[in-house]
Amino acid sequence: MTGSVPSNAPVVVFDAPFSDRSQWAAGVSSAYPPNGRNPGDNKLDHLVPGFGPSADRFAAVRESSRSWRTPLVTTENTAGGFELRPGDLLEARCLLTAAQGAWPAIWTWGRDRPDGRPQPGHGEVDVLEYHGDHPRMLELSNHTAPGASAYLDDLVTPGQWFTVACRFGTDSVRWSVDGREVYADGAGVAATWRAWIIVNLSVSAGQWGHPAPRPDVSRLSWRCNRLRVLRTPPTG
């Protein structure tokens, strides 16, 4: 019939504002040690339960020379319990600023397998990571597969909105920026892969070539909105 929608057309399966505490938990994640700090990953972060973004703005606040209260939201341990599955497409609209020390990210973290062991790479796929010392670069990584990562320059412009999309295929994880595919890792995720969404702002501690914030800076931020997940129903 003219104008009909295919029965297996992608449908939106997740589209919740960050303020929805039935779908997003704030300030806590099993990806961090229980104290909410992760200096071993070059982070000055201090997660505080309940501390997340204000609307679409993720703002980190300095607590001391070696500690920043950092915003984070995740679908882990929520009433909704949303998990990504293979084949899902995650889209988000973002605005970055080239602030020294700021480390915005959208990523995934997988629950343990039934035998209690973590998934390969803890199920982590980085939809995006960004550091202001490389102001036009995005870091795109699939930690479930060795070597499946890319550091791509000239993808974004600080202060300009863009849309990033990531499809978690079993043959390849594919990233797009503003509708243009920019990287396919050729590795993909396992057919059994399941993962929660995390959106946060970390603060660099100064290692790995990423400088810490300037001493006179007390606040860092970035913005993310219109985050949604589309899923194609099975045929038949």
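Using R0 = 30 Å, the C-beta based FRET efficiency linking Val217 and Ser30 works out to 0.50. Diffusion of region 5-128 by Stokes-Einstein, at 25 °C in a medium of 0.890 mPa s and with Rh set to the Kirkwood radius over alpha-carbon pairs, works out to 151 µm²/s. On the protein heavy atoms, probe 1.4 angstrom, tell me the percent of accessible surface of the chain carried by carbon and sulfur. Roughly 50 percent of what the probe reaches on the chain is carbon or sulfur.
Distance between the 7 Å Cα→Cβ label points at Asp133 and Asp115: 4.0 nm. Between the C-alpha center of region 88-133 and that of region 135-171 there is a gap of 10 Å. Computed from backbone phi, the HN-Hα couplings of region 22-37 come to 7, 10, 10, 9, 10, x, 8, 7, 6, 6, 10, x, x, 7, x, 10 Hz, rounded to whole numbers (Karplus: 6.51 cos²θ - 1.76 cosθ + 1.60, θ = phi - 60°; Gly and Pro given as x). Residues whose amide H comes within less than 5 Å of that of Leu128, counting only those at least five positions distant or on another chain, are Ile106 (H built at 1.01 Å from N in the peptide plane). Compared with the rule-of-thumb size 2.2 N^0.38 Å for a compact globular protein, region 118-229 has a Cα radius of gyration ratio of 1.13. With mean projected area of the Cα convex hull in nm² in mind, check (i) 16.8; (ii) 14.1; (iii) 15.5 and report the label derived from this structure. Derived directly from the coordinates: (ii). Label-to-label distance, Ser54 versus Trp208, with points set 7 angstrom from Cα along the beta-carbon direction: 2.9 nm. For region 185-224, the residues whose backbone nitrogen is under 17 Å from a point 7 Å from the Cα of Trp161, taken along Cα to Cβ, are 222-224. A dipole drawn for region 154-236 from +1 and -1 charges on Cβ atoms has a positive end, and of Ala187, Ala205, Leu230 the residue lying farthest that way is Leu230. Sorting Thr144, Thr170 by solvent-accessible area of protein heavy atoms yields Thr170, Thr144, largest first, with a 1.4 Å probe.
Along the axis of the charge dipole computed for the chain (Cβ charges of +1 for Lys and Arg, -1 for Asp and Glu, origin at the Cα centre), the listed residues Ser176, Gly50, Thr74 are led at the positive end by Gly50. Kirkwood hydrodynamic radius of region 170-215, from the reciprocal of the average inverse Cα-Cα distance over all distinct pairs: 14.0 Å. Here's how it looks for Val48: its modeled amide H is under 5 Å from those of Thr70, which are all 5 or more places away or on a different chain. Phi angles across region 230-235 convert, under the Karplus curve 6.51 cos²θ - 1.76 cosθ + 1.60 with θ = phi - 60°, into 3J(HN,Hα) values of 10, 9, 8, x, x, 7 Hz, Gly and Pro given as x.
For Thr78, no residue whose modelled amide H falls within less than 5 Å of its own remains once neighbours fewer than 5 places apart on the same chain are excluded. Ordered by 1.4 Å accessible area with all protein chains kept, Asp115, Asp126 run largest first as Asp115, Asp126.
Quick one: grab the alpha carbon gyration tensor of region 52-189, order the square roots of its eigenvalues as a ≥ b ≥ c, and give me rounded if a/c is under 1.5, else prolate or oblate depending on whether a/b is larger than b/c.
Because a/c hits 1.5 or more and a/b fails to exceed b/c, region 52-189 counts as oblate.
Based on protein heavy atoms only, the chain ends up with 46 Å² per residue of surface accessible to a 1.4 Å probe. Backbone phi angles across region 200-215, fed through the Karplus curve with coefficients 6.51, -1.76 and 1.60 (θ = phi - 60°), yield HN-Hα couplings of 7, 10, 8, 10, 5, 8, x, 9, 6, x, 9, x, 6, x, 5, x Hz in residue order; Gly and Pro are listed as x.
Of Thr163, Thr192, Thr70, the residue with the greatest mean-square motion in the GNM of the chain, using alpha carbon springs below 10 Å, is Thr192. Using a 7 Å offset from Cα along Cα-Cβ at Ala9, what residues in region 204-236 end up with backbone N under 18 Å from the label point? Counting only backbone N, you get 229-236.
The values are calculated or read from the model by the stated rules, or taken from the named source; none is laboratory data. Just so it is clear, the structure is predicted and the values come from calculations on it, not from any experiment. Note: ideal-geometry Cβ built from the backbone for every residue, glycine included; neighbour counts use all protein chains shown. In case anyone asks, the SASA skips ligands and DNA or RNA and just uses the protein heavy atoms, side chains included. Shrake-Rupley method; radii C 1.70, N 1.55, O 1.52, S 1.80 Å.
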